[in-house]
1. Just to be sure I understand, how many residues within the stretch B:280-310 are within 12 Å of B:ALA366 (Cα to Cα), surrounded by 20 or more Cβ atoms within 10 Å (Cβ to Cβ) and either modelled with pLDDT under 85 or not polar (S, T, N, Q) (or both)?
2. Exactly one of (1) in contact (Cβ under 8 Å) with a residue 24 or more places away in the chain; (2) more than 12 Å from every other protein chain (Cβ to nearest Cβ) is unmet by A:SER128. Its number?
3. Could you list all residues from the stretch B:644-669 that are crowded, with 16+ Cβ neighbours inside 10 Å and among the charged types (D, E, K, R)?
4. When you scan the stretch B:171-222 for helices (runs of 4 or more DSSP H) that lie fully inside it, which ones turn up with 1 or more residues that are acidic (Asp, Glu)?
5. Which members of the stretch B:417-444 meet the condition of being without any contact (Cβ under 8 Å) to a residue 60 or more places away in the chain and either of a type in the set (D, E, K, R) or within 14 Å of another protein chain (Cβ to nearest Cβ) (or both)?
6. Please verify whether the stretch B:761-771 includes one or more residues that are in a helix (DSSP H, G or I), more than 30 Å from B:ALA398 (Cα to Cα), modelled with pLDDT under 90 and not aliphatic (A, V, I, L, M).
Amino acid sequence: MKVVSSATDLTKVYGRGETRVVALDGVSIAFGRGEFTAIMGPSGSGKSTLMHCMAGLDSITSGSARIGDVELAGLDDRRLTRLRRDRVGFVFQAFNLMPTLNAAENVTLPLDLGGRRPDREWLDRVISTVGLSDRLHHRPAELSGGQQQRLAVARALASRPEIIFADEPTGNLDSRSGAEVLGLLREAVRELDSTVVMVTHDPAAAAHADRVVHLADGRVVDDVRGA
Amino acid sequence: MTVFRTALRTVLAHRARLLMTVLAVLLGVAFVAGTLVFTTSVSDAYVASSRQGLSGVDVRVRPVEEGRLLDEALRAKTAALPGVTGAAGAVEGFTALAGKDGRLVGDGWPTRGANPSGTRHRLTTGRMPAVEGEIALDSHTARRTGYAVGDTVRLSVSGPVLTPTVTGVFDTDDGNVAAGGTLVLFDTATAQRLLAEPGRYNQIDLAVGPGFDPDALKALLPYGVEAVTAAQLAERQAERNAESVTALSQVLLACAGVALFVGIFLIVNTFTMLVTQRTRELALLRAVGASRGQVTRSVLVEAFLVGSVASAIGLAVGIGGGYALFAAGDSLPDGPLVVDAATVAVSLGLGIGVTLFAAWLPARRAARIPPVAALAGVHAPASARSLRVRNGIGAVLAVAGGALVIVSTVRADGVLPLGLGVVLLLPGVFVLTPFLSRGVIAVVAPALRRTGVVGGLAGRNAVRNPRRTAATASALTIGLTLVAALTVIGAGADRAAHRLAASDYLTADYIVSMANSGPLAPDTDDILRELPEVTASSPRRVAHATFNGVQREVTAWRMAEYRQLLTLEFTAGGYANGDAAVVDADTATGNGWRVGDTLAVVWPDGAPGTLTLSGIYKGTFDDGVKVDLSLLDPHLDRVSATDVYVRTRGGVTAANERALAHALGDSPAVLVRDKSALLDDVIGQIGIILTVLYGMLALAVVVAVLGIVNTMAMSVHERTREIGLLRAVGLDRAGVRRMVRLESVVISLFGGVLGVGLGVFVGWAVGDVVSTKEGITTWAFVLPWGLLLLCLCGAAGAGVVAAIWPARRAARLDLLAAIRTE
């Protein structure tokens, strides 16, 4: 299996002296293509930090993180931004969408920012997959919470990223909408051959994944590949 | 007290966000305080110097109207009155002293010459001048120029250059000298010859003792001569001096007023945002039992604190600035800095008042927050209905105002409807700006979107909060409306002057006048007429005569030659010899005068006479009653003129100009100007006035820019999460900066376009109304495209500058914190 994202001895330290907190303590992990991974752990275990560091949202104290063959440590802000824009998709827990843009514009936002022409056929497929073909000209405020998260998934898929990072994507949703979004991510992996890494503290959400990684105190304590 | 303490904590917690509010109020208050400190200090200094200048004078006998003279016989008679211990005839007038570099010393008007007075001029070295060719200089001027006893100096009174020798240096309390002027003393006979007429005085200063009877003095005085006590004199002098300062201070205060008014928009925005951000907090207060009044008061107390701090600092800055201005003005008398209670009260009152006034609306809005908002945490956006009402009011005001302005331009005297129209139109447009912002920005939105997704976002962000955008843009609109109106009026005046020059009103080739616009030497005309180059000439003599009890300006010309010098287009009659007068059509119609009427006149010396109206001419700019020199001159004590009009053989040539100047002694105090030079001076003056006004309006624009900074900083703060999201999905820092900058430019340009549009409209109307009323027939509406475009570029530039700091803050936002923000 081809590795699309990996961390080697990844360490992240916040603060100094007495306020020094080791969020990640030498984590080594790799995510393969077409894999749906859930990262679990209690609050403060470092699961979100791991995701932020591996996605190029946060800087690394020591060690290495890669997207494909690109080393993130040492990239300046502009290169990191370009990397996120072109090669990574994001789904956050809340506030995924620009309120001033309509649904269609939100989906193509990373493409537009990069000045790339969207692949119409792919876009239509993504939008019909998330089931929002009839909502394209609505503003986010006119959509339900579940619809908004589905739209965020579509946005994450639109640029055909090498990997999608989802941070508690169902945290703000009722169980039915949550199940829909998880189903969508599952489908993205199966049908569209995407790679998804999802941070969650909800075992029910993790149950949708192929692989569940447990973090505690900034270390990987368990790594289980399911059926 | 709790309210006060909570308010204080709130203010301290939001101090960064209140910074622009404080700055705006501070600037306005500083300007007001500075102006007041400057004015009061200068006025007091003038009063003090006037008093000093009158030491030794108890009563002054002088002509009511300047220009008349008193003779030696009157001085002798007053000296003989019982109780009079001294009667000194004084002569005084413009005297241009050249420094060692050959240039005029001083600023023109306070450079004087006089005869010595025992009490007011105290010799320090040498002796007083005794014969022609000798002078004494005041010690201040001697120090400044480096002249000493024995030196030969160049000076000019009204005729050729003189080269007298300095025989003495003296100290004086003269107000002119204290104000930076120069004082040259001649012996009395020379002073009389140069500045007045032999044997005559400008005034007679009396020292009186016991037994003096004012009524006996009054009985001696001829028509048009008055006796004034030293106290009255000091008061009048101080008043006259203060008038010039008052005019300046009124302009300054008006500009400070505009700036404070502009500041209101900024303050409204700030407090609206503070209230919105604290919706939950305020709702909680309401839920636990605070009344609406208490909530309103808590916001107002915050405003009071902010206003007080800003006003106090502004007052301090203003006092410093006023002092600096006072100390730096070397044409002002010296004196102590005066900070009176009124200055402090007005400055603090204005600053705090404006802040409270501006915060009142947001405070009311705060009180309307329902207690349930504490739970929901959402605040209802401004309802469409309230904007509808607002738009309705705005439309009515704007349309009514605009209509009145248009009506004013078709009426003969449209000043009242014009003023009323502008007063309705401007607030109407400001009320309408939220509505207009959507429309205008929608027009530019496609262009913005073409620049990319960042441009599209910026355009949409600009109209997200129409009220705030409107208030922000309005601040800039006010400044630019005034600037654009002035520019249009200035361009019109410029064109009018050019057209006047191109017109054949003035057929004279040269106009000779004094550098200080004072009277020319009486023999100027005679000297010029002897030149072979001169084919025609006339002094323009001005005096006041009374017709039917109304005092009017009468100008006298050598009417036999007027055709060579000016064009009078007669609508009825023409010029006839004898006791004839011609008058402009407006004056004739206003008085019901017709050709052939006999007009009763009282000449300046009180003598009655009659004039026959022989012609009525079309008014241009030098209107009024015109008569021949032979009719006016016998009634003047001192026959002089400020201008002599000259027609030369061969027209305007360098040789002719040299010949005229040479005949007049190549004096630095005499100007020989042709029509185009005269025009350049007029246009130069228009330019100076405009520059000064632009400078003053800069303050309002600065406050407007602070307002944009404020709004952009608020927007960045409120959109932290959006910016974080954009950064996460791939917008780099430069992109974030560009987005904020573009939004700022869109808002500024909106304000600019609105301001320039309004300004052009108002400027057009003002120019039209004033030119119609004043009979300026050469007036034309001109659109100074270049300057107006410059205004718009300036507005865009203001947007870019205002965005620097907010854009940098937005770009530096920690994107993780932005995503996490609750």
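The values are calculated or read from the model by the stated rules, or taken from the named source; none is laboratory data. Since we're looking at a predicted model, the values are computed, not measured. Note: ideal-geometry Cβ built from the backbone for every residue, glycine included; neighbour counts use all protein chains shown.
1. 7
2. (1)
3. B:ARG647, B:GLU657
4. B:214-220
5. Passing the criteria: B:ARG438, B:ALA442.
6. Taking every residue of the stretch B:761-771 in turn, none turns out to be in a helix (DSSP H, G or I), more than 30 Å from B:ALA398 (Cα to Cα), modelled with pLDDT under 90 and not aliphatic (A, V, I, L, M).
A quick yes/no check of all residues on (1) surrounded by fewer than 17 Cβ atoms within 10 Å (Cβ to Cβ); (2) modelled with pLDDT of 90 or more:
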{"site": "B:ASN516", "(1), (2)": "no, no"}
{"site": "B:PRO522", "(1), (2)": "yes, no"}
{"site": "B:THR535", "(1), (2)": "yes, yes"}
{"site": "B:ARG541", "(1), (2)": "no, no"}
{"site": "B:ALA545", "(1), (2)": "no, no"}
{"site": "B:VAL550", "(1), (2)": "yes, no"}
{"site": "B:ALA560", "(1), (2)": "yes, no"}
{"site": "B:ARG563", "(1), (2)": "yes, no"}
{"site": "B:LEU566", "(1), (2)": "no, no"}
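This table checks each residue for (1) crowded, with 24+ Cβ neighbours inside 10 Å; (2) touching a helix residue (DSSP H, G or I) at 6+ places or on another chain (Cβ under 9 Å); (3) at pLDDT below 90; (4) of a type in the set (Lys, Arg).
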position	(1), (2), (3), (4)
B:ASP680	no, no, yes, no
B:ARG733	no, yes, no, yes
B:ARG738	no, yes, no, yes
B:LEU742	yes, yes, no, no
B:SER748	yes, yes, no, no
